[in-house]
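Here is the structure we will look at.
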Amino acid sequence: MGGGPTPHRLARLCSAVSTVSPAPPGAGPSGALAATGLEVLLTTLFSDEQMASFGWRIPFVAGALLGLYGLLIRFRMAESHVFESSVEAAAADDVVVARPSVWRTLWSEKRAVLHISALSMSGVVVFCTWFIFAPSYAVAVHGMDAQHSLVAGLLAQGVFLAMIPVMGRLADRWGRKPLVFVFTLGFAVLAFPLEWMLGSGPVSLFASMGIASVLLAAACAPLGAIFTELVPTRVRATVVGFTYGGASAVFGGSAPYLNTWLSSQGMHAVFVAALIAACLVTAAVTLRMPETRTVELT
C-alpha cells in the first residue's frame, strides 16, 4: 500500500495481496481457510480427549512458526518507489521532514478517516457474522453437526478466496464504487433471506455462506486500492492502519458478542437489521465519495 502500481491494475494487485495478508479488509482469507482446514483435520484425526490433551497446541505452534516467517518477510521488504522518491526529494532540497503526532495526522486527513471508517464498518461486521459466527450459530440453533458445519464453512471460505481476485479485476474495469454498491445493497436485500436459508443441513449453511462470500468479496477486493488512493503515501500507513484497525476492533470485535447476546434474548432479527443499517451507511458514504479508480498515487 505504499504506492507504485498503475491505477488500471491497482485493485487486482491489492485484492491478490489481501487474500494472503491481514490487510484490509478481511483478515487474510487464505489464512482463515488454512486455519479452518487445520481444525477440520485435527478434529478428524484426534479424539476429544486427544484434542484436550495436546491437539489444541498444534495450531499455536503452526501460528508461531508462520509469525516468524512473516517477520522475516517484513525485514526484507522494499519501500515503494513513490515513498523513496518523496524521501529523495526531501533530501535533495535539504528538508527535514517532521513527524507530526498521530492524532494531528488523523485530523489532517479527517475526510479519508471518515471514508475508511464507513467503508470498513459493514465489511468487518459481515465478515465476523458469516465467517466466524454463522457455523457455530448453525450448530447451536439449528442442531447441525459440528464437523459438518466446519466443512461447510471451509468450502464457503474457498468460494470467498476464489472470488476476491475476480472482483479485483472488475473493480479495475468498472470502478471501485460499483463493487462496494454490489456488496452493500446486495446484503441490504439478502441479509434476512440468507438467515432464512440456514437449516440443520450443511448444504444450507454452505449455500448461504457461499452467497455471502460472493457479496463480501465485492467489498474486500477494491478496499485496499480505495484506501491507497484516498491517502497520500507520506501518511498512508498511519491513517489506514489506525482507522481500519480501530473500525475492526470496535465493529468487528463487538459484532459476535452482540449477535450472541441478542440471539439469546430471542432478538436475532435485531442484529440482522443492524447489519443492514451498517451496509446502508456504507452505501450512503460511498455515494458521496469520489471515484478513485483513475487517481495517481502521490
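With each label point set 7 Å from Cα along the Cα-Cβ vector, what nm distance links Ile73 and Leu258?
Inter-label distance under the simple model: 3.2 nm.
Want the number for Arg9 to Val102: 0.36 nm per residue separation, take away the alpha-carbon distance, what's left?
Values: separation 93, 0.36 × 93 = 33.48 nm, distance 3.05 nm.
My answer for the length gained is 30.4 nm.
How far apart, in nanometres, would the label points at Glu84 and Leu280 be if each is projected 7 angstrom from Cα along the Cα-to-Cβ direction?
It is 4.9 nm.
Run the simple label-point estimate for Val235 and Arg111 please: 7 Å along Cα→C-beta, distance reported in nm.
Roughly 1.3 nm, to one decimal.
In the neighborhood of Leu205, defined by Cβ-to-Cβ distances under 14 Å, what is the net charge if each Lys or Arg adds +1 and each Asp or Glu adds -1?
-2
Among 264-273, 127-136, what's the highest-first ranking by average C-beta atoms within 10 angstrom per residue?
Descending mean neighbour count gives 127-136, 264-273.
Name the chymotrypsin sites (Phe, Trp or Tyr not before Pro) in the range 45-74 that are in a loop by DSSP and that have at most 12 other C-beta atoms within 10 Å, would you?
Trp56
Based on the alpha carbons, how large is the Rg to Rh ratio for the range 17-288 when Rh follows Kirkwood?
1.01
In the range 185-292, which GluC sites (Glu not before Pro) are in a loop and have at most 15 other Cβ atoms within 10 Å, using DSSP for the loop call? Display every interim value, and only then the final one.
On the way: sites: Glu195, Glu229, Glu291; in loops: Glu291.
Here the sparse-neighbourhood loop sites are Glu291.
Each value in this text was obtained by applying a stated rule to the coordinates, not by laboratory testing. No experiment lies behind these values; they were computed from the predicted model shown. Methodologically, a virtual Cβ is constructed for each residue, glycine included, from the backbone with ideal geometry; neighbour enumeration extends over all protein chains shown.
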